[in-house]
Each structure stands twice: as C-alpha cells, then as structure tokens.
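K.L.:
Below you'll find the structure I mean.
The values are calculated or read from the model by the stated rules, or taken from the named source; none is laboratory data. Computed from a prediction, not measured in an experiment: that's the story for all the values here. Here Cβ is always computed from backbone atoms with ideal geometry, including for glycine, and neighbour counts include all displayed protein chains. Surface accessibility is based on the protein's heavy atoms, side chains included, excluding ligands, DNA and RNA. Shrake-Rupley method; radii C 1.70, N 1.55, O 1.52, S 1.80 Å.
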Amino acid sequence: MNKDKVIIILAVATLLLFVLNIGSCTSAYNQNSLRKKEMLQRMNLEEKAGKAIQEQAGLIEKIEAGDKELAEEKANAEALKKTLAQERLANASLKVELEKVTKLKEALEEKLQKKSSFNKKAKR
C-alpha cells in the first residue's frame, strides 16, 4: 500500500503540476497576445503622431508664408499711402499754381480788353 499511496500522490502531484503548467502557458500566451496588441497600438499611435507632426509642420510653413505675404502687403500698402500722400500734395500745389495762372490770365485778358478798347477809341 505504501507503494500505491506514493504512486497516487505522485500521480496527483503530476496532474496538479500539469494543470498549473497549462495555466501558466495560457497566462503567458495571453500576456504575449496583450503585449503584441499594445505594441501594435503604440505603433499606430506613433504613425498618427508622426503624420500629425508633419501636418503641423506644413501648417506652420503655410502660416509663416501667409505672415510673410501679409507683411509684404502691409509694406506695399504703406508705400502706396506715402505715394498717395505725395500725389495729393503735388495735386494741391498744382491747384494753387493753376489758380495763380488763372488769375494772371484773367488780369492779362482785362489788360488786353482795355488796350483793345483804347485802340478802338484811338482809331476813331
């Protein structure tokens, strides 16, 4: 009986160790599967992050180009404002000159009419 008890105890121990071994293998498989899923998820997130960074860099470049263009347009607008102010000043001075010339013309026309009438009287 001693032999039978030892065999039964060894058989139970072997069966118990076999069940524990299967449980351990299943747990290891599940952990490996979860690790692979997590790695895949991380890789996908890294790809998305890389794409987002590239898109952000592209958008930053577009914004910088837009800012540069805006600065150029502002500079052009300022130059045009200065030119317009100069043109207005020139226009105003030309108007003053035109008024002077008009007054001189009117004065000369009056003198011419007076001389013309004087000449007509003198001929009579």
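K.L.:
Taking ASN21, is it polar (S, T, N, Q), in a helix (DSSP H, G or I), open to solvent by less than 80 Å² (accessible area, probe 1.4 Å) and free of Cβ contacts under 8 Å to residues at least 40 places away in the same chain? Walk me through how you get there before you give the answer.
P.N.:
Details: polar (S, T, N, Q): yes; in a helix (DSSP H, G or I): yes; open to solvent by less than 80 Å² (accessible area, probe 1.4 Å): no; free of Cβ contacts under 8 Å to residues at least 40 places away in the same chain: yes.
Spelling it out, it is not the case that ASN21 is polar (S, T, N, Q), in a helix (DSSP H, G or I), open to solvent by less than 80 Å² (accessible area, probe 1.4 Å) and free of Cβ contacts under 8 Å to residues at least 40 places away in the same chain.
K.L.:
In the range 85-101, is there at least one residue being at negative phi, open to solvent by 100 Å² or more (accessible area, probe 1.4 Å) and not in a helix (DSSP H, G or I)?
P.N.:
Here is the first cut: in the range 85-101, the ones at negative phi are 85-101.
Restricting the remaining residues to those that are open to solvent by 100 Å² or more (accessible area, probe 1.4 Å) gives 86-89, 94-95, 98-100.
After this cut, where a residue has to be not in a helix (DSSP H, G or I) as well, the list is none.
No, the conditions are met nowhere in the range 85-101.
K.L.:
Here are some residues: ALA107, ALA122. Which one is modelled with pLDDT under 95, in a helix (DSSP H, G or I) and exposed (fewer than 10 other Cβ atoms within 10 Å of the Cβ)? Steps first, please.
P.N.:
Numbers: ALA107 fails: exposed (fewer than 10 other Cβ atoms within 10 Å of the Cβ).
Of ALA107, ALA122, the one residue that is modelled with pLDDT under 95, in a helix (DSSP H, G or I) and exposed (fewer than 10 other Cβ atoms within 10 Å of the Cβ) is ALA122.
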